[in-house]
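Single-structure report; data block below.
Computed from the coordinates by the stated procedures, all read-outs in this text should not be read as laboratory data. Just so it is clear, the model here is predicted, and its values are computed rather than measured. FYI the Cβ positions are ideal-geometry reconstructions off the backbone, even for glycines, and counts take in every protein chain you see.
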Amino acid sequence: MLKLQGLYKSFHPGTVNERTALAGVDLTLNPGDFVTVIGSNGAGKSTLLGAIAGSFYVDRGRILLDGEDITYQPAYRRSGQIGRLFQDPSQGTAPNLTIEENLAIAAGRGAKRRWISSITPSQRDFFREELSLFEMGLENRLTCKVGQLSGGQRQALALLMATIRPPKLLLLDEHTAALDPAAAQKVLEMTQLVVQRGHLTALMVTHNIQAAFSVGNRTIVMGEGKILKDLTQSQRQSVSPGSLLAYYV
Amino acid sequence: MTGAALLGAIELGLIYSLVALGLVVSYRVLGLADLTTEGSFTLGAAVCALQTTQGHPVLGLVLGTLAGACSGLVTGLLQTRMKMQPILAGIVTMVGLYSVNLMAMGGRSNLTLLRLDTAFSWAEEAVPGLGSLLAGGVAALAAALALGLFFRTHGGLCLRAVGDNPTMVGAFALNWENGILIGLFLANGLIACSGALLVQYQQFCEITMGTGMVVLGLASLILGEVLTRASSLPGQLMAAVVGSVLYRILMAGALAMDVPAAQLKLFSAILVALAISMPTLRQRMTFSRQRKANQPKEKGLAESRLKYQGQGETPC
């Protein structure tokens, strides 16, 4: 599914601020893998997701998605196959557009965009049905501006937008970190739901070790731009989360 | 104000409303203060004027519009492909356009179209007296309607999202840079079309006619928005037309009240400042009313205090 070969990335090269964010990352994701990523601040977790999404180009190495080399594909083109959620709920949605308008743009991803009416009644029914899955009452507020929603609601909407057309790969960059505990729990549950339902392949960065171990089927631990540990489902059960603190240096 | 002056003001307002409509796209939808406007307005006028003097008024309108649209594209390319600051990109294009406009007018700084065939002369022939009003009205409504329809399409929706959150647009396989290009192409096309119509209407073209166009267009738009209380996009399009016409009527009113011609610019600047600060003033008035209502009743309080001291009651 996703194959990363020897990824290197340093920021501000040639200056005193030079910092190697990725120092040779090799990773292979199998179809249906739901991998959680943990590690200390500055370990390279977000950089890894940024490299895959195309926020910047890597210095060395290759990125293959489904056999296709996307190393030098611009971000907006990769996003046809890759869905992404950020920590900040406002990044994934347009505040002055209504819920249904946001969803219509998301539903247009990778599809042939129509130059006729932007939202059809059948589409509206589909949006309502999908939103009701989240049990947040958003299905009754289709024409509400997204800026009026709470952070949790916005992130839930962003999650639905990222997956309404199943992407080949879903990147979640601490997407529950800015939410209150209840909302974070809710969004995490919904994440598991949509990933399961769509049989998606996903990478989730989190600082919540408990969540990292209970969600998905695999966990990688990063440090200093490298993958330090790659734990499968059975290995995860034999490791105590506490022992992982040693990797947070 | 005489009837003729009022009619003229409405005609002018309808023609200028295309500038305000263009600003709905660049300023309201994309959130860009696009200074290309000043140059593209004159470019549309200059190209149209030259074609009209050659006896091609319709071709002039079309070419003028297209030329202006392309100048918007130049600003867009500077902004996106060269990562130039939006304001700076607009200024660079505007400066360059000054020379281009002089060239488009054959090296002269003004051109006269007196006694030549124009869209307005034809309209006046067809409907004497009201032809210009009709022609201007058709142009304004057609432009507003076309924009309204465009923004109902999926492409129009995506353009609105580009102005709202470029990051989000990029996450759904859309290139936000192309959105900026399309938006500035459309906006400056409309603005140039306004310039082209204006030279045919006033039968005169000069190199400085675009000066202050951004502020005038913006003032018309905001004046319309404040009065119609429009917040939705279709409402904003109507507000642009209404505001433009109203702005011109106010200017004509000032002339009728014998404001000296030399002071007209000052009057227009005050009008612009008033229109733009209207939403803030309104907000402030609402707040001060709210604040007053929330004040403890001083007199009542003093009375109850006296009562308490006098009768030895315990307050609850």
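Things worth noting here:
- Phi angles of region B:224-238 translate, via the Karplus equation with coefficients 6.51, -1.76, 1.60 and θ = phi - 60°, into HN-Hα couplings of x, 5, 5, 6, 8, 6, 7, 10, 7, 5, x, x, 5, 5, 5 Hz per residue; Gly and Pro are given as x.
- Whichever lysines have a C-alpha closer than 27 Å to that of B:K292, once near sequence neighbours (fewer than 8 apart) are set aside: B:K307
- Simple label model, 7 Å out from Cα along Cβ direction - B:A5 to A:D66, nm: 7.0
- The value obtained for region A:1-61, namely the Cα convex hull volume divided by the number of residues, is 83 Å³ per residue.
- Share antiparallel - DSSP beta bridges, region A:123-230, percent rounded to 5: 45
- Gain upon complete extension [A:D230, A:S55; 0.36 nm per residue less C-alpha separation]: 60.5 nm
- Placing a label point 7 Å from the Cα of B:A269 along the Cα-to-Cβ direction, the residues of region B:191-215 whose backbone N falls under 17 Å of that point are B:211-215.
- The C-alpha atoms of chain B define a longest principal axis, and helix B:131-150 lies at about 70 degrees to it.
- Using θ = phi - 60° and Karplus 6.51 cos²θ - 1.76 cosθ + 1.60, couplings along region A:147-162 (whole Hz; Gly, Pro as x): x, 8, 7, 6, x, x, 5, 5, 5, 4, 4, 4, 5, 5, 4, 5
- Alpha-carbon Rg/Rh ratio, for region B:83-142, with Rh computed the Kirkwood way: 1.21
- Sum of side-chain charges, A:Q148 neighbourhood, beta-carbon under 15 Å (Lys, Arg +1; Asp, Glu -1): 0
- Exposure proxy ranking, count of Cβ atoms within 10 Å, fewest first, for A:I63, B:I270: B:I270, A:I63
- As a ratio to 2.2 N^0.38 Å, the alpha-carbon radius of gyration for chain B is 1.25.
- Taking 17 Å as the cut-off, the amide N atoms of region A:88-112 that come nearer than this to a point 7 Å along the Cα-to-beta-carbon line of A:S122 belong to A:104, A:107-108, A:111-112.
- With N counted as the residues of chain A, its alpha-carbon radius of gyration over 2.2 N^0.38 Å works out to 1.03.
- Neighbouring partner chain Cβ atoms per residue of A:73-82, average, 10 Å criterion: 4
- Under the Karplus curve 6.51 cos²θ - 1.76 cosθ + 1.60, θ = phi - 60°, whole-Hz ³J(HN,Hα) for region B:72-85, x wherever Gly or Pro sits: x, 4, 4, 4, x, 5, 4, 5, 8, 6, 9, 6, 7, 4
- Label-point separation, A:Q237 to B:I87 (7 Å along Cα→Cβ), nm: 6.3
- Nearest-ten-degree value, helix A:121-132 long axis tilted from longest Cα axis of chain A: 50
- Long-range amide H partners of A:M222 with built H, under 5 Å: A:I38, A:G39, A:L228
- Within the protein assembly as shown, percent of DSSP bridges classed antiparallel, to nearest 5: 60
- Listed cross-link partners A:K145/B:K297; A:K168/A:K226; A:K3/A:K186; A:K226/B:K83 are compared with a 28 Å cut-off, the Cα-Cα value being larger for A:K145/B:K297; A:K3/A:K186; A:K226/B:K83.
- Per-residue extension of 0.36 nm, minus the Cα-Cα distance of B:D258 and B:M103, leaves a gain of 52.0 nm for this segment.
- For region B:3-210, with +1 on Lys and Arg beta carbons and -1 on Asp and Glu, the positive-most of B:L184, B:T80, B:Q51 along the dipole: B:T80
- Here the label points at B:A33 and B:T112, each 7 Å from Cα along the C-beta direction, are separated by 3.9 nm in the simple model.
- Ascending count of other beta-carbon atoms within 10 Å, so fewest first, for A:D230, A:D88: A:D230, A:D88
- The order of the peptides B:216-228, B:174-186, A:236-248, B:128-140 by mean Cβ neighbours within 10 Å, most packed first, is B:216-228, B:174-186, B:128-140, A:236-248.
- Compactness of the protein assembly as shown is given as radius of gyration and Dmax, 30.1, 98 Å, from Cα positions.
- Where the Cα pairs of region A:1-120 fall when distances are cut into 10 Å bins, in %: 11, 35, 31, 17, 5, 0
- With a Förster radius of 22 Å applied to the C-beta separation of B:W122 and B:L59, the computed FRET efficiency comes to 0.95.
- Kirkwood Rh and Cα Rg combined as Rg/Rh, region B:159-299: 1.10
- Among A:9-18, B:162-171, the order from most to least packed when residues are scored by Cβ within 10 Å on average: B:162-171, A:9-18
- With contributions of -39500 (n - 2.57) from each DSSP H run of at least four residues, the per-residue ellipticity at 222 nm computed over the protein assembly as shown stands at -18000 deg cm²/dmol.
- A:K3, B:K297 arranged by Cβ crowding within 10 Å, fewest neighbours leading: B:K297, A:K3
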